[in-house]
Amino acid sequence: MLKIDNLKVSLEEEDKQIIKGLSLSINPGEVHAIMGPNGSGKSTLSSVLAGKDGYVVNNGTVKFDGSDLLDAEVEERAALGIFLAFQYPIEIPGVGNMNFLRTALNSQRKTRGQEELNAADFLKLVRSIAKDLEISDEMMKRPVNVGASGGEKKRNEILQMCLLEPRFVILDETDSGLDVDAMKLVSRGVNNFLSSSRSFLVITHYQRLLNYIVPDFVHIMVDGRIVKTGDKKLALHVEETGYKDFLQLGKEKH
Amino acid sequence: MNHVNTSDWYDSLRRELESNSLSIEKVSRRSEYWRKSNLDIVSDFVQDTSQIDLSQLKGTCLFEPDLTVHGDIMKLGSEESKSVLSIMDVITDEESFAKNYFGRLEEKSQKLIPRPLARDNSLSPKVGYAISFSDSFKKPLVIHNRTKTSASNCFQRNLIVIKDDVEATIIETGNNLSVFNSVTEIYLGKNAKLNFLDLTGQNNIFPKISHKFCDLAENSTFNHFGLRLNTKATRTELELHLNGHGINTSIANVSLINKRDHFSDENVLINHNAYECKSRQVFKSVLENDCTSIVRGKIYVAPEAQKTDGYQSSRSLLLNDKSKFLCKPELEIYADDVICSHGSTSSSLDKESLFYLLSRGVRKDKAKEMLIAAFISEALDEIEDEDIKSALSHYIDNWTSSFFHE
Amino acid sequence: MTDNYQVRDVIDKETLSTVRSVGGKYKYGFSTDIETEYAPLGLNEDIVKLISKKNDEPEWMLDWRLKAYNRWKKLKQPDWALLKIPEIDFQDQYYYARPANMKEKPKSLDEVDPKLLETYSKLGIPLTEQKKLAGVIEENPEEMSENRKVAVDAVFDSVSVGTTFKEELKSAGVIFCSISEAIKEYPDLVKKYLGSVVPISDNFFACLNAAVFSDGSFVYIPEGVRCPMELSTYFRINAENTGQFERTLIIADNSSYVSYLEGCTAPQRDESQLHAAVVELVILDDAEIKYSTVQNWFPGDENGVGGIYNFVTKRADCRGRNSKVMWTQVETGSAITWKYPSCILKGDNSSGEFYSIAITNNMQQADTGTKMIHLGKNTNSRIVSKGISAGKAQNTYRGLVQIGGKSQYSRNFTQCDSLLIGNKCGAHTVPYIDINNSSARAEHEATTSKVDEDQLFYCMQRGIGEEDAVALIVNGFCKEVLQALPMEFAMEAQKLVAISLEGSVG
């Protein structure tokens, strides 16, 4: 589904390389976790996959279903089925949640040549998802993310995911700022969403999220590279010993 | 009037300025820039002005008083790199450094706003100082203006040139004992920094207009703080040109007035001409007893001045019914990637805060003083130097307690 | 979940699909091919007399006009606005144009030329009493169950072609007719109030209007009456080289209420056209007027050719105690806009509100805002202004908040935000705040910024195209003002916001 080959990325504003040759292959139905210390380039990877400005790809390719992802515009990637659950979801004052969701959903459906969803079906769909995630009506009436707590914002991200039904989901530090109850709620949303045709890339600093969303593969990212790949036991190992063993690996590769 | 043999360069500049001075809009009620201002500032001016004796112009260091200068030419310390000259010496000297600077900013300042009084000043300067620093000056330089009681109207002209990488702090104090018109042209080089504290507006009974025009090169910093305590009729015109990237400026002013018909009139124009510059303006006026405070502050952002960060806050506290606060916070913006904002408020003392303090046993006049101090603290916080800030803050607190009591 | 936001969602969907279908073209640029009768070119005393005669006016009205004309000759066109106004040759304009077959005023709508009726129906303004204003969306019929009626007075060039629901309004005691009719039928009311809010010599353009206004709307709501439906006037400039000078006078007597809507369009022409209107509102004790405008005059093309020069004086006089006025304007059209709907808060406890969206794109220029003059005690005002500038346009908010020395315990709140789209446009803010007593409280906040990149990215990551995302965010930016509009207009306005910004992205 997603194939990243020797990707090198630097910042547009300063000549600083953040991702220094990263390769990763994700097949349908797989859950991959990327763990790493702060500043290892995890969030840069999610931004580059979603198509955010401010980064320069110096080298490498990213293929999605065999075609070049990096050529596509941000909204085209979304319509292809790529969804980024943001680490810090932005507030958009004045733009109602429902309006936003409906516009997004129908834009994507239109791009894919599907019929737009009518108002009644749309409402029914959103209400049922919101109920599962224990998101209140009051919250749905607010402008996008405005006045929401950290946990509410993250739940809203998961709601958007469930509604837009992407095939490839990046969870960028979705666990940050969540208490245990919220984490369970969010994980339940994600786990219900798992299927043999969908893939996940879970970016996290801590192992605890992976107790709830169980990965097939765990990659340790240090200094812009994947230095070790294993299964979920690798995450437990990190939990015990921290990243210090791997920092050395990062240096050796230089 | 004593005849002074001025230099050729000054004479030719003077002719040039004089010839195009007719096109400058005169001061009038109808002028946009004098709307509701106190025109006493202009009405008393006459061309014939006597001099301030420069030997009386003393510089001392307020907080570390180890610096004394007097006489026409003041060498600060023993170094040539820091000189303070009499402006009259400068304009009579054919080879003076001032010939590349004098009058240039005054002329430029007429482009957007007519400033007829600044032009009058250029045509007949009488006293003043010309400062040139090519080396940093760690302690504040204090200039104490002292005019003779007998002096009548006065045109003061100053020039300040701070070279690249040089830092200085200048504190100007003293009252004018006559109607007063001053123009100060300030040039800051790359990475230069000037903190200017204008503390001349204390209990002035004579009208005064002072202009400061400032040219800033890249990465320079200019901080200006003005204090107006019961000024009879004071007007300030400040114009900054941010000509290189990365410039940082702060303009702060505190006006405390509680005498009938007294007036403070602050006018600021900040021209953002280059990218990534930052400007802040903080004005605080506390008014009582039929007095007026005017604040006109404009941020202009040229098309090339992307990533400008411009902020202005003008707030007043009106303590009794007849005081007036007139404010025109203006934005003129031609670049899109900017963050500019202004806020203005006008209100009386917050009754709930007052009640809270009283309920905790604070005396009423003390509570009022505390709320005034809290109100003006945002402006004082613009002063970087903690020693100067705390000295000023004490001074203002004392002043407040003796003037704003019930 | 309430149904309230469902409707709004539907509108926004409409907004976006309209953007796609319209493709950035001015939708109302067609002209009506109809025989038109003009007054001779230019302006002099004879033209003023001719206009008065065409309207069959009494002598006092002609005297009033001539006084204005003679005063106008001495006035100079104001130059203080941040506008580059090409020189206007006031002698190279027609001051009166009417469809030839309107010579005899039709007695009822059935007699109006079908071509005119067709013009208005093309504009979405059916001049019949069965239908509602266009823009009402049928998708949620239950929302519309209250069956809102809107009475329309349609002004075509210099004359009013017809007013709907006149009889129904009459039975409620409401007078709604063209001003030319009012001068003849209700001379006492007109004499008493005309020029009492905007005096003859108030300003250059208002003075010109007083001399040559040809028609407009007149409304009188008697004491204690809540107007049973929304009233609206629809202005259409059709004839070439013709200035439109309409005059609107609305009087809300004690304890009455009316909501009034105003819409404007003009054909797409290469020559600029002048529009100088005057609106006077008189509000007595405990009365309230809501006045909403969606101004969509032809803005000129992307090179600044053609377009309406819009110089408008609008003022509300809150004379009575507890009187209330609310101005809401959506200004998307015109090549030049010079307009400051104002409130004089004379009565104690009176209140004035001003909600404005001004969008300029391409070569458009707007200098618009409001004046809040607080004179009475305990008066309240609120200003919410949203300026959006794109292309090479210049957009200025200019406002005055003045709280007089005797206007104790008065309040003002001003929020004034500007958004820049692209680096060739300008956004300016020129507020004057004059506070003359300490019991007053005034708050003013202003910001200028561009469309937030992170918000844009967030929308696009969810699959929304850039232009739609900008339209969405801009509509969000304007929300507070859009919500102040009556429902019929809110829908049209949201579409307009998106359409006006067409071509500004990328």
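Quick look at the values:
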read-out	value
Looking only at the range C:315-343, and only at residues there that are among the aliphatic types (A, V, I, L, M) and buried (at least 24 other Cβ atoms within 10 Å of the Cβ), the one that is nearest to C:E492 (Cα to Cα)	C:V330
Residue that is in contact with a helix residue (DSSP H, G or I) (Cβ under 9 Å, 6 or more places away or on another chain) and assigned to a loop (DSSP other than H, G, I, E, B), where the choices are C:N303, C:N254, C:N238	C:N238
Filter result (farther than 19 Å from B:D265 by Cα and either in contact with a Gly (Cβ under 8 Å, 6 or more places away or on another chain) or outside any strand (DSSP E or B) (or both)) within the range B:303-325	B:P303, B:E304, B:A305, B:Q306, B:K307, B:T308, B:N320, B:D321
Top-ranked residue in the range C:40-67 [being among the aliphatic types (A, V, I, L, M) and under 26 Å from the mean Cα position of the chain (by Cα); ranked as farthest from C:S196 (Cα to Cα)]	C:L43
Residue within the range C:401-423 that is among the charged types (D, E, K, R), under 17 Å from C:L496 (Cα atoms) and in contact (Cβ under 8 Å) with a residue 12 or more places away in the chain present	no
Test result for C:V294, under 21 Å from C:I499 (Cα atoms), of a type in the set (A, V, I, L, M), under 11 Å from the mean Cα position of the chain (by Cα) and in a strand (DSSP E or B)	yes
Of all residues making up the range B:332-359, the number that are surrounded by fewer than 18 Cβ atoms within 10 Å (Cβ to Cβ), under 19 Å from C:I388 (Cα atoms) and hydrophobic (A, V, I, L, M, F, W, C)	1
Subset of the range B:306-326 [touching a residue at least 60 places away in the same chain (Cβ under 8 Å) and more than 7 Å from chain C (Cβ to nearest Cβ)]	B:S313, B:R315
Tally of residues being without any contact (Cβ under 8 Å) to a residue 12 or more places away in the chain and part of a strand (DSSP E or B) across the range A:6-48	0
Only listed residue being buried (at least 23 other Cβ atoms within 10 Å of the Cβ), of a type outside the set (V, I, T) and either facing chain C (nearest Cβ under 8 Å) or out of contact with any strand residue (DSSP E or B) (no Cβ under 9 Å at 6 or more places or on another chain) (or both), chosen from B:P329, B:P303	B:P329
Residues satisfying the stated conditions in the range A:147-192, i.e. hydrophobic (A, V, I, L, M, F, W, C) and either over 25 Å from A:Q108 (Cα atoms) or surrounded by fewer than 16 Cβ atoms within 10 Å (Cβ to Cβ) (or both)	A:A148, A:L178, A:V180, A:A182, A:M183, A:L185
Only one of C:E129, C:E111, C:E45 that is at pLDDT below 70 and of a type in the set (D, E, K, R)	C:E129
Residues of the range B:220-245 satisfying the condition of being part of a strand (DSSP E or B) and more than 24 Å from B:K111 (Cβ to Cβ)	B:T221, B:N223, B:F225, B:L227, B:R228, B:L229, B:A233, B:T234
Qualifying residue in the range C:428-441 (condition: farther than 24 Å from B:C327 by Cβ and not acidic (D, E))	no
Selection status of B:L358, facing chain C (nearest Cβ under 7 Å) and either among the aliphatic types (A, V, I, L, M) or part of a loop (DSSP other than H, G, I, E, B) (or both)	no
Members of the range C:283-312 that are surrounded by 24 or more Cβ atoms within 10 Å (Cβ to Cβ) and not small (G, A, S)	C:I283, C:I289, C:T293, C:V294, C:Q295, C:N296, C:W297, C:P299, C:I308, C:N310, C:F311, C:V312
Options C:S196, C:S201: the member that is out of contact with any helix residue (DSSP H, G or I) (no Cβ under 7 Å at 6 or more places or on another chain), hydroxyl-bearing (S, T, Y) and part of a loop (DSSP other than H, G, I, E, B)	C:S196
Condition broken by B:Y275, with the remaining ones in (1) more than 10 Å from every other protein chain (Cβ to nearest Cβ); (2) farther than 16 Å from B:L112 by Cβ; (3) assigned to a strand (DSSP E or B) satisfied	(3)
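The values are calculated or read from the model by the stated rules, or taken from the named source; none is laboratory data. Note that the structure is predicted; figures quoted are calculated from it, not measured. Please note: Cβ atoms are built from the backbone with ideal geometry, for glycine as well, and neighbour counts cover all protein chains shown.
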